[in-house]
Amino acid sequence: MEKVFGRTKGLTDVPFHYCPGCTHGIIHRLIGEVLEELDIIEDTIGVAPVGCTGFSLDFFSCDFVGAAHGRGQAVATGIKRALPDKIVFTIQGDGDIAAIGTAHAIHVAARGEKITSIMVNNALFGMTGGQMAPTTLAGQVTTTSPYGRDCAVVGTPIDLPKTIATLNGAVYVAAVSVDTPKNIMQAKKAIKKAFQVQQKGLGYALVSVLSTCPTNWGLSPVDSLKWLRENMMPVYQMGELKVAKEVEAL
Amino acid sequence: MEKVLLKGNEAIAEAAIRSGCKLFFGYPITPSTEIVEYLSKNLPKAGGLVLQGEDEIASINMCHGAAATGARVMTASSSPGYSLKQEGLSNLAANELPVVIVNINRAGPGLGGLGPSQADYFQCTKGGGHGDYRLIVLAPSKAQEMYDYTMNAFDLADKYRTPVLILADGFLGQMMEPIELKERPAVELPAKDWATNGCKGRAKRKICSYALTNEVMEGYCLQWEKKFAGIQQAEQQWEEFYADDAEYLFVGYGTCGRIAKDAVLKARAMGLKVGLIRPITLWPFPEKAFAPIKNTVKGIVCVELNAGQMIEDVKLAIECKAPVVLCNRQGGMLPSENYILDAMLKNFNIAISEGV
């Protein structure tokens, strides 16, 4: 019998721990497929700081380093500077990269650090039980914004990829979603490009992936996908935010 | 052997290069800045790289990443910057990553002052960051030791897979002295068969200290406890100066140890049986140095550039069998040898004619 679908070699056989309906698993699979397709599993070192992505160490087939909350990109910088010929990537949540890790997010891009960052944006702190993040939408209810995010008090959500795209060292910045099969295909293309940018040594690449959190949003998996489309997509600029000239040829 | 005139900070930097350190991540802060400056100029010539981080937190975490690949790596700072590194140091200790850190202690707390100080003793020797861990802490008292101990620090870090701290002060960092540029001693070190450098031809590796199962976490803690207990037994270092027959003893490290040597010579010239124990490792504290003298010594003056921190470890080491008093200056000020000798004579009612 012909095998038409299987587990990517980029992932181990450790079962995902993610909650039912969470789209983290899809994102992991896409990264795993890209690692396999580019044949870089054995040359890649991943970095996962604290959050729901923090368990990535067990899920990917490549070497992995755990980092403190927000520090993934600084750790990745150290790895890449020590091993410039290897592929180094971070996978981090919005509550990590756009909050406690913001300084590092800005400066890896400013330096044009030749690493790839995958940001998983679910508009809150998932692992700690659904607290407000800088990415939480206006009016969104979380455990630390129980009356809805009041922008007069805490400001409006930060669209980090847009900020990163303004920096010269960031040569590829994209915001994608995994809510439909079509968008999943587009997300994979963006993730693949972000790794190819690094293979060619062109500069820093960031892909933000909108992701659901049914548990902390208090919605069913299907309603979560609908909520993401109706509420997150209008706030966060989607698509390829920046494709530097040298990346266009890829 | 090649002898050159270098600042203490430069001696640390030169020793790092000659120890095979290829990567330095740092952030400028007085009075440690000569380290990053010297390395910026000279490490690239040796095939290495200096990267100035956006802050101290980034720098220590860059060290984390580089150490995870098995590279020899260092960072340096001074008190307020060293505070910012504590989160990173806790993680380095937990992940068992060899990194050499330098703290050129300046006066504190807060922004403090730039003068020499030992006010970071507690922070440096008792952990500093969250959780139950220690750093190996080496305390040089002259430029040559800044050089020698840095070489030793890299070997200790690799031997035990743990961060090692060089703790000095602005006086030692800024002072120029002739030093011998010794070659790196031949030491047999364990293979870095844990490094995350790409899994070609082997099973994947991960470096992580995170456990959400309490039973697993306790297992980690027991492993760390055993490792630190082993270091505590094996790595105590100190210098004795006229200590074997001493009735009265100075205890001081770094700059204070240096000043106390002059005080000991003055006392001996007066016929007084005064000696010095200069801790070289502040952690592990050299309690073994006190075992032979704890029943014979009549009094101890602990000389410190703080409000009295190491004195607690001295009292524990002497098991309170002799009185221990503090003689100190703070805020960047140094005591003279006469000042600390007077403290000894007055506190213990020593008549100068006593031993003559």
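Every number in this text was worked out from the coordinates using simple rules, so none of it is lab data. Everything numeric in this text was worked out from a predicted model, so none of it was measured. All Cβ positions, even for glycine, are placed from backbone atoms using ideal geometry, and neighbour counts span all protein chains on display.
Distances longer than 19 Å among the Cα atoms of region B:239-347: what percent of all pairs is that?
Here the tail beyond 19 Å accounts for 34 percent of pairs.
Would you please give the residues with an amide H less than 5 Å from that of B:Ala243, counting only those at least 5 places away or on a separate chain, with H modeled from the backbone geometry?
Amide H neighbours of B:Ala243, under 5 Å, 5+ apart: B:Leu276.
Toward the positive end of the charge dipole of chain A, about the Cα centre and with charges on Cβ (Lys, Arg +1; Asp, Glu -1), which of A:Ile45, A:Gln131, A:Val247 goes farthest?
So the residue furthest toward the plus end is A:Val247.
Fewest first, what order do B:Ser79, A:Ser220 take by the number of other Cβ atoms within 10 Å? Mind showing how you got there, number by number?
Numbers: B:Ser79 28, A:Ser220 13.
Exposure proxy ranking, most exposed first: A:Ser220, B:Ser79.
For chain B, what is the percent of antiparallel DSSP beta bridges, rounded to the nearest 5?
Details: 12 of 44 bridges.
Here the share of antiparallel DSSP bridges comes out near 25 percent.
How do B:Met146, B:Met333, A:Met119, A:Met127 rank when sorted from fewest to most other Cβ atoms within 10 Å of their own Cβ? Don't jump to the answer; show the numbers that get you there.
On the way: B:Met146 31, B:Met333 13, A:Met119 26, A:Met127 17.
Least to most surrounded, the residues fall as B:Met333, A:Met127, A:Met119, B:Met146.
Can you compute the charge dipole magnitude of region A:32-135 about its Cα centre, using +1 on each Lys and Arg Cβ and -1 on each Asp and Glu Cβ, nothing else charged? Give it in debye, rounded to the nearest 20. Please list the in-between numbers first.
Numbers: 6 positive and 12 negative charges, 125 e Å.
Dipole of region A:32-135, to the nearest 20 debye: 600 debye.
Mind listing the long-range amide H neighbours of A:Ser177? Cut-off is under 5 Å, sequence gap 5 or more, other chains count too, H placed in the peptide plane at 1.01 Å from N.
Residues meeting the amide H criterion: A:Ala187, A:Leu210.
In sequence order, what are the phi-derived ³J(HN,Hα) couplings for region A:235-250 according to the Karplus relation 6.51 cos²θ - 1.76 cosθ + 1.60 with θ = phi - 60°, rounded to whole Hz, with x for glycine and proline?
8, 9, 4, 9, x, 7, 7, 8, 10, 5, 3, 5, 8, 3, 6, 5
May I ask what percent, to the nearest 5, of DSSP beta bridges between residues of region A:1-154 are antiparallel? Before the final figure, lay out the partial values.
Working: 3 of 16 bridges.
Around 20 percent antiparallel, to the nearest 5.
Just to check I understand the Karplus step: with θ = phi - 60° and J = 6.51 cos²θ - 1.76 cosθ + 1.60, what whole-Hz values come out for region A:47-62, glycine and proline as x?
10, 10, x, 6, x, 5, 6, x, 8, 4, 3, 7, 8, 8, 7, 8
Rounded to the nearest 10 degrees, what's the angle between the helix B:337-347 long axis and the longest principal axis of chain B, both from Cα atoms, 0 to 90?
60
Please state the equivalent ellipsoid semi-axes for chain B: what are the square roots of 5 times the Cα gyration tensor eigenvalues, largest first, in whole Å?
Details: eigenvalues 262, 106, 64 Å².
Listed largest to smallest, the semi-axes of chain B are 36, 23, 18 Å.
Considering only A:Gly70, A:Gly6, B:Ala317, whose Cα is most displaced toward the positive end of the charge dipole of the protein assembly as shown, charges sitting on Cβ of Lys, Arg (+1) and Asp, Glu (-1)?
The listed residue farthest towards the positive side: A:Gly6.
Please give me the summed charge of the neighbours of B:Gly113: other residues whose Cβ is under 13 Å from its Cβ, Lys and Arg +1, Asp and Glu -1. Walk me through the numbers on the way to the answer.
Numbers: positive: B:Arg106, B:Arg329; negative: B:Asp169.
Here the count lands on +1.
Mind jotting down the three principal axis lengths of region A:24-245 based on Cα atoms? Whole angstrom, largest first.
The Cα atoms of region A:24-245 stretch 49, 33, 32 Å along their principal axes.
Would you please give the residues with an amide H less than 5 Å from that of A:Thr90, counting only those at least 5 places away or on a separate chain, with H modeled from the backbone geometry?
A:Val47, A:Thr116, A:Ser117, A:Ile118
Starting at the first residue of region B:239-253, write each ³J(HN,Hα) from the Karplus equation 6.51 cos²θ - 1.76 cosθ + 1.60 with θ = phi - 60°, in whole Hz, x for Gly and Pro.
3J(HN,Hα) across region B:239-253, in whole Hz: 10, 9, 9, 6, 8, 5, 10, 6, 8, 10, 10, 8, 10, x, 10.
For chain A, what does -39500 (n - 2.57) per DSSP helix run (n ≥ 4), summed and divided by total residues, give at 222 nm, in deg cm²/dmol to the nearest 500? Kindly include the intermediate steps, with their values, before the conclusion.
Details: 10 runs with 83 residues, N = 250.
The helix-only estimate for chain A comes to -9000 deg cm²/dmol at 222 nm.
Have a look at A:Ala152, B:Asn347, A:Ala110 and report the one farthest towards the positive end of the charge dipole of the protein assembly as shown, computed about the Cα centre with Cβ charges (Lys/Arg +1, Asp/Glu -1).
Of the candidates, A:Ala110 comes out farthest on the positive side.
Per residue of B:198-204, how many C-beta atoms from partner chains lie within 10 Å of its own C-beta, taken as a mean?
On the way: counts 12, 9, 4, 1, 2, 2, 13.
So the per-residue partner count for this stretch is 6.
Of A:Lys114/B:Lys182; A:Lys162/A:Lys245; B:Lys45/B:Lys200; B:Lys126/B:Lys288; A:Lys80/A:Lys192; B:Lys142/B:Lys298, which pairs sit farther than 27 Å apart, going by alpha carbon to alpha carbon?
Numbers: A:Lys114/B:Lys182 37 Å; A:Lys162/A:Lys245 18 Å; B:Lys45/B:Lys200 31 Å; B:Lys126/B:Lys288 18 Å; A:Lys80/A:Lys192 19 Å; B:Lys142/B:Lys298 29 Å.
From the list (A:Lys114/B:Lys182; A:Lys162/A:Lys245; B:Lys45/B:Lys200; B:Lys126/B:Lys288; A:Lys80/A:Lys192; B:Lys142/B:Lys298), the Cα-Cα distance tops 27 Å for A:Lys114/B:Lys182; B:Lys45/B:Lys200; B:Lys142/B:Lys298.
Let me spell out the model: positive unit charges on the Cβ of Lys and Arg, negative unit charges on the Cβ of Asp and Glu, origin at the Cα centre of region B:239-347. What dipole size does that give, in debye rounded to 20?
Numbers: 13 positive and 13 negative charges, 37 e Å.
The dipole magnitude comes to about 180 debye.
What order do you get for B:Ser83, B:Ser19, A:Ser211 when you list them from fewest to most C-beta neighbours inside 10 Å? Can you show the working numbers first?
Numbers: B:Ser83 19, B:Ser19 22, A:Ser211 28.
So the ranking, lowest neighbour count to highest, is B:Ser83, B:Ser19, A:Ser211.
In debye, nearest 20, what is the charge dipole magnitude of region B:57-175 about its Cα centre with +1 on Lys and Arg Cβ and -1 on Asp and Glu Cβ, if you could check?
Values: 8 positive and 9 negative charges, 12 e Å.
Here region B:57-175 has a charge dipole of around 60 debye.
Going out from 0 in 10 Å bins, what whole percent of all Cα-Cα distances in the protein assembly as shown drops into each bin?
Result, from short to long distances: 3, 16, 24, 21, 16, 10, 6, 3, 1, 0, 0 percent.
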